[in-house]
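Below is one structure, written out as structure tokens; the observations come after it.
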Ligand code: SAJ
């Protein structure tokens with residue numbers, strides 16, 4: 001058993017904290033949001049994630065987890081705070097990481113381990129954590145261990161993936177790597193792969209850039225096929241029968257706080273402009289919502305109704321989650337609302353309300369919409385049958401209804 005500070009109780013921090021408590025560690029979850037801390041201590045998770053509510057309750061009942069707005073002395077310190085995207089220069093806002101490091105510095109002691117898990121720009125472990133701590137605590141130079149250990153969990157299956165996925169652990173020194181390895185071994189069942197902080201930082205970014213580039217390929221194919229009147233879903237399904245081909249799925253664009261953002265950090269790091277493909281992929285995926293809006297405008301123009309009703313299906317950034325971060329579906333919805341003259345209805349089963357939108361349930365959407373735009377393929381939508389979708393113009397950005405038609 002070790003004492004652990006988990007700084008940042010968001011989508012990854014909170015699940016990590018409760019898993020650590022379950023593994024027998026004494027965990028203090030730290031968050032700057034007083035409301036979140038109160039809610040958690042009252043046994044209420046502040047976002048939706050499979051199994052999280054029960055795990056939080058269990059962790060609180062065990063007495064090994066509590067939330068607080070202040071850090072305490074501990075052996076291990078995990079920094080899992082947001083690194084928001086700065087649109088202007090396409091870089092990561094490291095101020096939360098720096099502030100967490102400053103706060104931590106006050107309680108650190110010789111022999112402690114500080115691990116950065118937040119997705120960060122390259123070099124962050126040394127610049128935004130180690131150097132910030134050492135500036136505050138010159139007495140601890142060379143006495144605290146620093147490592148980068150990125151998470152790989154997918155929202156919607158975070159608790160399972162946090163434990164079962166392999167993880168890369170990169171210390172700024174071999175001792176730090178070793179210390180972090182020993183700690184992560186206490187609760188991770190996947191393989192722990194030892195490396196350096198710099199390699200680990202790049203690994204995290206390039207995994208998401210890999211997905212982005214491959215989704216861009218699928219999105220580009222979808223636009224070419226549409227132009228040529230070819231069914232892209234059939235093309236991809238059949239091409240994927242080749243033993244060495246695995247084309248991803250086109251959609252309305254790429255969202256979330258990872259894949260749509262991390263590739264920019266690689267591009268920013270290459271001062272010689274070598275990130276050409278990575279940059280191009282970002283542009284293809286970022287432009288996809290506009291392409292979808294143009295499709296909606298075309299359908300509205302061709303409609304027999306004078307002012308047709310457009311039904312937007314799903315606003316979350318991907319299926320079966322309530323997460324709206326960087327959602328391309330939401331971007332489409334906002335552009336449709338702003339630029340297209342039609343009655344606009346939106347259906348997002350994971351949201352009760354959304355400013356600026358008239359949210360309806362599936363029944364009302366199906367009853368009223370002349371044009372249906374499938375944006376986020378939640379399971380509830382995929383269950384619709386041919387009769388329910390009859391007599392509607394359908395723009396299916398996800399291929400969710402390929403089994404129906
Ligand atoms: N998407 C497509 N086509 C696809 C797959 C995804 O359009 O074939 C879209 C989704 O609809 C969504 C976006 O891409 O808008 C991203 O969704 P995702 O489910 O692929 O990934 P995220 O952002 O939820 O989580 C990713 C994961 N990274 C990789 O798969 C390499 C996850 O493992 C990481 O932990 C997470 O980023 C992160 O935190 O970096």
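Scanning the range 208-224 for residues that are surrounded by fewer than 22 Cβ atoms within 10 Å (Cβ to Cβ) and either at pLDDT below 95 or within 7 Å of the ligand (Cβ to nearest atom) (or both) turns up 210, 211, 218.
Within the range 387-404, can one find any residue that is modelled with pLDDT of 90 or more, in contact with a helix residue (DSSP H, G or I) (Cβ under 6 Å, 6 or more places away or on another chain) and at positive phi? Yes, the range 387-404 contains a residue that is modelled with pLDDT of 90 or more, in contact with a helix residue (DSSP H, G or I) (Cβ under 6 Å, 6 or more places away or on another chain) and at positive phi.
Annotation note: of 201, 151, the sole residue that is in a helix (DSSP H, G or I), under 26 Å from residue 264 (Cβ atoms) and within 16 Å of the ligand (Cβ to nearest atom) is 201. Looking at the structure I just gave you, is residue 319 under 17 Å from residue 87 (Cβ atoms) and within 13 Å of the ligand (Cβ to nearest atom)? No, not satisfied. Residues of the range 167-176 that are surrounded by fewer than 22 Cβ atoms within 10 Å (Cβ to Cβ) and part of a helix (DSSP H, G or I): 174, 175. Within the range 351-360, can one find any residue that is in contact (Cβ under 8 Å) with a residue 60 or more places away in the chain and either over 21 Å from residue 398 (Cα atoms) or over 26 Å from the mean Cα position of the chain (by Cα) (or both)? No: zero hits. If only one of 88, 110 is out of contact with any helix residue (DSSP H, G or I) (no Cβ under 6 Å at 6 or more places or on another chain), surrounded by fewer than 23 Cβ atoms within 10 Å (Cβ to Cβ) and either modelled with pLDDT under 95 or assigned to a strand (DSSP E or B) (or both), which one is it? Going through 88, 110 in turn, the sole match is 88. Summed over the range 177-196, the residues that are out of contact with any helix residue (DSSP H, G or I) (no Cβ under 8 Å at 6 or more places or on another chain), more than 30 Å from residue 50 (Cβ to Cβ) and not in a helix (DSSP H, G or I) give a count of 0. Among the residues making up the range 214-257, those that are assigned to a loop (DSSP other than H, G, I, E, B) and within 18 Å of residue 293 (Cα to Cα) are 250, 251, 252, 253, 254, 255. For the range 154-166, filtering for residues that are surrounded by 21 or more Cβ atoms within 10 Å (Cβ to Cβ) and either more than 22 Å from the chain's Cα centre (by Cα) or not in a helix (DSSP H, G or I) (or both) leaves 1.
Might you let me know whether the range 258-280 holds any residue that is under 21 Å from the mean Cα position of the chain (by Cα), surrounded by 12 or more Cβ atoms within 10 Å (Cβ to Cβ), part of a helix (DSSP H, G or I) and near the ligand (Cβ under 10 Å from one of its atoms)? Checked the range 258-280: at least one residue is under 21 Å from the mean Cα position of the chain (by Cα), surrounded by 12 or more Cβ atoms within 10 Å (Cβ to Cβ), part of a helix (DSSP H, G or I) and near the ligand (Cβ under 10 Å from one of its atoms).
The values are calculated or read from the model by the stated rules, or taken from the named source; none is laboratory data. Please read these numbers as outputs of a predicted model, since none were measured by experiment. Here Cβ is always computed from backbone atoms with ideal geometry, including for glycine, and neighbour counts include all displayed protein chains.
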